[in-house]
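These notes concern the structure reproduced below.
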Amino acid sequence: VQLQASGGGLVQAGGSLRLSCAASGRTLSSYYMGWFRQAPGKVREFVTGIYWSDGNTYYADSLKVRFTISRDNAKSTVYLQMNSLKPEDTAVYYCAASKYPPYDNNWSGPFVSWGQGTLVTVSS
């Protein structure tokens, strides 16, 4: 599956952004779709995920209040709605896909399909 992430940009603290991840090349009915982010100088971290088949969602505990994942079946697109953004949310955001269940609660794998990343910058 090929993934194309978009929607990043510059936003002031307290603002909102919606990221999109458009998928092509495969039917997503049994895929796990995840959003991850990597801030400068930090390791990549799990943000949120969704199991396409049943719509079950999963969140990093620290982000579930402000971030929401959703999907559009018709468009084969996953969205990440980010509200009340903070400067520490500044990062490159990636979407990823896997046919297999995540290894753990941090969704550390096995994601072999990745989008190119979209930069989110939150100014203070």
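The values are calculated or read from the model by the stated rules, or taken from the named source; none is laboratory data. Small disclaimer: the values here were computed from a predicted structure and weren't measured. Here Cβ is always computed from backbone atoms with ideal geometry, including for glycine, and neighbour counts include all displayed protein chains. The accessibility values were calculated without ligands, DNA or RNA, using every heavy atom of the protein model including side chains. Shrake-Rupley method; radii C 1.70, N 1.55, O 1.52, S 1.80 Å.
For this structure, a couple of remarks:
- Among residues of segment 1-25 that are over 14 Å from Ser70 (Cα atoms) and of a type in the set (Phe, Trp, Tyr), none has a beta-carbon under 8 Å from a residue that is modelled with pLDDT under 95 and in a strand (DSSP E or B) at least six positions away or on a different chain.
- The set of residues from segment 32-65 being more than 13 Å from the chain's Cα centre (by Cα) and farther than 19 Å from Trp114 by Cβ comprises Gly41, Ser53, Asp54, Gly55, Asn56, Asp61, Ser62, Val65.
- Identification of strands (runs of 3 or more DSSP E) wholly contained in segment 1-49 with 3 or more residues that are open to solvent by 50 Å² or more (accessible area, probe 1.4 Å) yields 2-6.
- Residue satisfying all of: in segment 66-86; more than 12 Å from the chain's Cα centre (by Cα) and among the hydroxyl-bearing types (Ser, Thr, Tyr); modelled with the lowest pLDDT among these: Ser76
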